[in-house]
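All remarks here apply to the structure that follows.
Each value in this text was obtained by applying a stated rule to the coordinates, not by laboratory testing. Computed from a prediction, not measured in an experiment: that's the story for all the values here. Note that we place each Cβ from the backbone using ideal geometry, even for glycine, and neighbour counts take in every protein chain shown.
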Amino acid sequence: QVQLVESGGGLVQAGGSLRLSCTVSGRTFSSTIMGWFRQAPGKEREFVARITWGGGSSYYADSVKGRFTISRDNAKNTVYLQMNSLKPEDTAVYYCAASSGTFNWGRIQYDYWGPGTQVTVSS
């Protein structure tokens, strides 16, 4: 019943910036954690960042730390990913995901995923 829709993807030159948005609708359960992931062709899906709805605490992958910022607007049911100093290796489909906070094998279990939005960084 939970719907996640990403927006804001596009083409940008290396060193540029882009802001992704993820709007959540139809929440029938308490989603405590929101995450951003990305996947390039032929590669595994990679964690980018996550944030808690309650306290807004965030965590980042080393590859994006210092360049990306995750935030949320509880009133709008929206999470954002501000991406600065973009590099060609950031090129991927970016996915938004929601978690109830359940852990499986020591990992956060994400229950719902958006369809993704393409981010292409040219050099």
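Here is how the numbers come out for the structure above:
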{"item": "Label-point gap, in nm, between Gln39 and Ser58 - each point 7 angstrom along Cα→Cβ", "result": "2.5 nm"}
{"item": "Estimated FRET transfer efficiency when R0 is 25 angstrom, pair Arg67-Trp113 (beta carbons, to 0.05)", "result": "0.60"}
{"item": "Inter-site label distance for Gln82 and Val5 at 7 Å from Cα along Cβ, in nm", "result": "2.5 nm"}
{"item": "Summed side-chain charge close to Gln118 - residues other than Gln118 whose Cβ falls under 13 Å, Lys, Arg +1, Asp, Glu -1", "result": "-1"}
{"item": "³J(HN,Hα) computed for each position of segment 31-41 - Karplus, 6.51 cos²θ - 1.76 cosθ + 1.60, integer Hz, glycine/proline x", "result": "8, 9, 10, 10, x, 10, 10, 9, 8, 9, x"}
{"item": "Fully extended contour minus Cα-Cα distance, from Ala75 to Ser122, at 0.36 nm per residue", "result": "13.4 nm"}
{"item": "Amide N of segment 64-107 lying under 19 Å from the label point, which is placed 7 angstrom from the Cα of Gln13 along Cα→Cβ", "result": "83-91"}
